[in-house]
Structures are given as structure tokens and as C-alpha cells.
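Q: I'd like to ask you about the structure that follows.
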Amino acid sequence: MGAAIDYVESIGLENIALYEQLLLEYATEKLLTIPDLKIYGTAQHKASLISFLVGNIHPYDMGMMLDKMGIAVRTGHHCAQPLMLRYNIPGTVRASFGMYNTFDEIDRLVAGVLKVSQMFA
Amino acid sequence: MTINEIQNDIIEEFGAFEDWMDKYAYLIEIGNDLEGYQEEWRLNQNLIEGCQSRVWLHAELVDGKIIYKADSDAIIVKGIVALLVRALTNQTPDDILANDLYFVEKVGLKEHLSPTRSNGLVAMIKQMRLYAMAFKAKMG
């Protein structure tokens, strides 16, 4: 625990927040180039994560295929069933970005999502 | 055909796929092709709710054999549902209860039957067996 705090402090919380926002902006821009991709949750100062669906591809199907490609996302209703009911969707796919993620990994995520959307087209 | 003959057919079909992408493309195909689940059966009592996806299961006894019909909202789950139905439908309750569905592991789909996947499939198999037990009791 102490070592973890030392590590985070050596980088600086502000630097981490800035980097995560850059990852978020990059991923948002790239993901939105995919046809029929819709992002759920677009608050201006949201944390570095993106909840999305592509067309009517079920989140479990998308998550399963991405998992097979070595890309880790979370799928399902994220314990927010009332919100999913409100949007009338079975759940979402959610990619979260941390200080340990890279821009290259976002390119892989986007390529993976595109590939899956083609498989289900 | 017996359940094991059907299982062996499924194993042989999957043996033709060289990589996981082809295997999943096939699952998507049979998922898309699965039909016959009537809207009047889409009731809460037939719904198996997982955290990730939902499965509907309907069963009836015809001439001593159980006819299963099922559906899911996720296509990959639906593909696996189609395989489970293919293996167990039109069989006697005794044969269904005696079978261990070894094909699932042989074709590399066991990961989908982990309880942590929470996709409704584990509960579906349990429910298929419960129907077999109930129909067996009813037949005396």
C-alpha cells in the first residue's frame, strides 16, 4: 500500500488525471468513427471511461469477442438496471482507461470493436 | 439419434475449425438460425435471467419425450443454447438425466458455463434437468 502511494505521488495526481483525460479524448474520437457506435454518458468532466453499444449488437457478444482478442472490457448492466431500463438497452460495453494504458492499446480496442461489428453485421 | 450420437456429431463439426474466429462465426450463424421460440412462451416463468444475458426456455412432454425450445438475446449465447437444445430435445427424461453433456468441454465452450459468466447458460442446463425430473415424476 505504501509503495503504491509513493508510486502514484512520484508521478503526481494531476499528471495522472491529465494523461487519463488525453486517453479519453483520443478513444472517444476514434470510437466515434465506427458506424452505428453510440456512447452512453457524455458528461463534460466524466472519469476516463466510455460506455457504448454498436448498432444492436448485444454487449455480451461484443465483450466475448473482444476478450478473445485479448482486450478487456466490462459488459452488462453494471448494477445500474434502472438506467438500462430508461435507455431500453440490455446493458453496455464499458472500456476504462488508466495511467497504465497506452494510445496504442486504444487503437487495438478500436480495431477490435470494428472487427466485431463486421462479424455481426 | 441418441444424445451421445448428436454430441459426437457436434464435436466433429467443431473439429473442422482451425481457429477461434471460425468457431465463433459458426456459433453466430447457428445462433441467428435458431428459431421456433413462440412469443406466447416469452413469459417471466420461462425466463432465466443472467447478469449478462437472458435465456428463455420452454419444455413440453410429447409421447414420453421432452421437446425443448429456447432463445436468448445475445447471439453467442443463443448459438450455445441451440447446441444444448439440439443435444437434448426429443429425448426421454431418463436419457436426459443420465447425460453429462461432455460435448461442451470437447468443443472448447466450457468457459461459457462458468457461473461467473452469469449468462444464464448454467441455469438453463439446470432448468432442462429439472424439467426432465418433473416430467419423469409425472409419467410415474
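The values are calculated or read from the model by the stated rules, or taken from the named source; none is laboratory data. As the structure is a computational prediction, the values presented were derived from the model and not from experiment. Glycine gets a Cβ as well: all are built from the backbone with ideal geometry, and neighbour counts include every protein chain shown. These accessible areas exclude ligands, DNA and RNA; they are computed on the full protein's heavy atoms, side chains included. Shrake-Rupley method; radii C 1.70, N 1.55, O 1.52, S 1.80 Å.
Q: Of a type outside the set (D, E, K, R) and within 14 Å of chain B (Cβ to nearest Cβ): does that describe A:VAL54?
A: Yes, satisfied.
Q: Same structure again: Kindly list the number of the only condition in (1) more than 11 Å from every other protein chain (Cβ to nearest Cβ); (2) open to solvent by 30 Å² or more (accessible area, probe 1.4 Å) that fails for B:ASP71.
A: B:ASP71 satisfies all of (1) more than 11 Å from every other protein chain (Cβ to nearest Cβ); (2) open to solvent by 30 Å² or more (accessible area, probe 1.4 Å) except (2).
Q: Continuing with the same structure: Looking at A:ASP36, A:ASP61, can you tell me which residue is touching a strand residue (DSSP E or B) at 6+ places or on another chain (Cβ under 6 Å) and of a type in the set (Asp, Glu)?
A: So the residue among A:ASP36, A:ASP61 that is touching a strand residue (DSSP E or B) at 6+ places or on another chain (Cβ under 6 Å) and of a type in the set (Asp, Glu) is A:ASP36.
Q: Now, a different point. If you check B:ILE66, B:ILE48, which single one turns out to be surrounded by 17 or more Cβ atoms within 10 Å (Cβ to Cβ) and at pLDDT 90 or above?
A: B:ILE66
Q: Within region B:94-117, does at least one residue satisfy the condition of being of a type in the set (Gly, Ala, Ser) and surrounded by 18 or more Cβ atoms within 10 Å (Cβ to Cβ)?
A: No, region B:94-117 has no match at all.
Q: Follow-up. Where residues in region B:74-93 are within 14 Å of chain A (Cβ to nearest Cβ) and open to solvent by less than 20 Å² (accessible area, probe 1.4 Å), which of them is nearest to the chain's Cα centre (by Cα)?
A: B:VAL81
Q: I need a count of the residues in region B:91-109 that are farther than 18 Å from B:TRP20 by Cβ, touching a residue at least 60 places away in the same chain (Cβ under 8 Å), among the aliphatic types (A, V, I, L, M) and in contact with a Lys or Arg (Cβ under 9 Å, 6 or more places away or on another chain).
A: Residues that pass the stated criteria total 1.
A quick yes/no check of all residues on (1) within 19 Å of B:VAL104 (Cα to Cα); (2) in contact with a Lys or Arg (Cβ under 7 Å, 6 or more places away or on another chain); (3) within 13 Å of chain A (Cβ to nearest Cβ); (4) open to solvent by 40 Å² or more (accessible area, probe 1.4 Å):
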site	(1), (2), (3), (4)
B:ALA25	yes, no, yes, yes
B:GLU29	yes, no, yes, yes
B:GLU35	no, no, no, yes
B:ASN44	no, no, no, yes
B:ALA59	no, no, no, no
B:VAL62	no, no, no, yes
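Q: Next question, about the same structure. Name the one entry in B:MET133, B:MET128 that is assigned to a helix (DSSP H, G or I) and surrounded by 19 or more Cβ atoms within 10 Å (Cβ to Cβ).
A: B:MET128
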